[in-house]
Amino acid sequence: MYTISEFEIDSGHLNQVRRINCCIPVDYRNQPLPVLILLDGGKSEQLYFVLNLISELLSTHQIEPFILVGIENVDRNFDFTTPTQELSDLKWVSNTGNATQFKGFIIDELIPFVQDQYMVEHDFGIIGESLGGLLVINLLLDHHTILKRFISIDPSLWWNKNEYYKAFVEVVKSNKLNYNQLWFSSSKTKTIKNLIQKLEIEVEQEEIDASHIHFHYDLQATHFTVFKQSIQQALVWMYPKK
């Protein structure tokens, strides 16, 4: 069972007030816990689905407890993307380019706020899907020493001529990710699946420890169903019961 506390953060990075939902497992509220940040984490978004799933996994002793912090959206396409001039991108997402400011909100404002409010371990993770999965990779590239765990579900790696696919390959080759744990899920969507398969090949060639990174393919799932079909496996892999 979890308790949900709603807070508002007056963000200097975003120049607006942002609402977050902090979810604490009742039986563990007096001990320091890891924190998982949920993109699309508003009460009318993915929060309740993910929270019910976590409660079930805890009650069946499949995962270790953690605090869930959901960020409610204002304009997810704007917040999750970098600027692009690609017409193929702008066809799908017309309002783009706020990812740097949104990352600043998470790193400089959200995380310190949660640390001030609760007993937490120095163990923060983030989960997102689609453009949210792209932002997860963006954060991995720039802040892998602050965030430890990354769950990227069907990430939009095609964004801006595969910008973040290329950048991730370079980080893999630089061998900077041994501290982190990474989960990638793919649906049957061909463009995304092909890029994730290429990422897996790059990782295999660099001989990265398999305990640090996992690739999951759900080829029965579409881009619109893969989040709910793969998140359980992701959480069990990322927070296994000891």
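For the reader, a short list of remarks on this structure follows.
- Dipole orientation for the chain: of the candidates His212, Ile231, Pro83, Ile231 has the Cα lying most toward the positive pole (charges on Cβ; Lys, Arg +1; Asp, Glu -1).
- Gyration tensor (alpha-carbon) shape descriptor, the range 1-126, a/c threshold 1.5: prolate
- Heavy-atom SASA rank of His223, His13, His122 (probe 1.4 Å, accessible area, largest first): His122, His13, His223
- From the coordinates shown, percent of Cα pairs over 23 Å apart corresponds to which of (1) 62; (2) 57; (3) 47: (3)
- Charge context of Gln220, other residues only, Cβ under 14 angstrom, K/R +1, D/E -1: +1
- Accessible surface for the range 186-233, divided over its residues, is 58 Å² per residue with a 1.4 Å probe.
- Accessible surface of the chain, 1.4 Å probe, proportion on carbon and sulfur as whole %: 48
- Debye, to nearest 20: dipole size of the chain, +1 on Lys, Arg Cβ, -1 on Asp, Glu Cβ: 440
- The magnitude of the dipole of the range 122-242, with charges of +1 and -1 set on the Cβ of Lys/Arg and Asp/Glu and taken from the Cα centre, is near 280 debye.
- Largest GNM mean-square fluctuation across Ile126, Ile111, Ile71, computed for the chain with C-alpha springs under 10 Å, falls on Ile111.
- Counting 0.36 nm for each residue step from Met119 to Ser55 and taking away their Cα separation leaves a gain of 21.1 nm.
- Placing Arg29, Arg18, Arg149, Arg76 in order of accessible area, with the largest value first and a 1.4 Å probe, yields Arg29, Arg76, Arg149, Arg18.
- Screening the chain for DSSP H helices whose Cα atoms reach 15 Å or more along their own axis and whose mean Kyte hydropathy is at least 0.5 gives 47-59, 131-143, 226-238.
- Helical mean residue ellipticity (222 nm; -39500 (n - 2.57) per DSSP H run of 4+; nearest 500) of the chain: -11500 deg cm²/dmol
- Note that the range 1-135 presents 44 Å² accessible area per residue, ligands and nucleic acids not counted, probe 1.4 Å.
The values are calculated or read from the model by the stated rules, or taken from the named source; none is laboratory data. This is a predicted model, so every value here is computed, not measured. Here the Cβ is made from the backbone with ideal geometry for all residues, glycine too, and neighbour counts use every protein chain on show. To get the accessible areas, we keep the full protein, side chains included, count just its heavy atoms, and leave off ligands, DNA and RNA. Shrake-Rupley method; radii C 1.70, N 1.55, O 1.52, S 1.80 Å.
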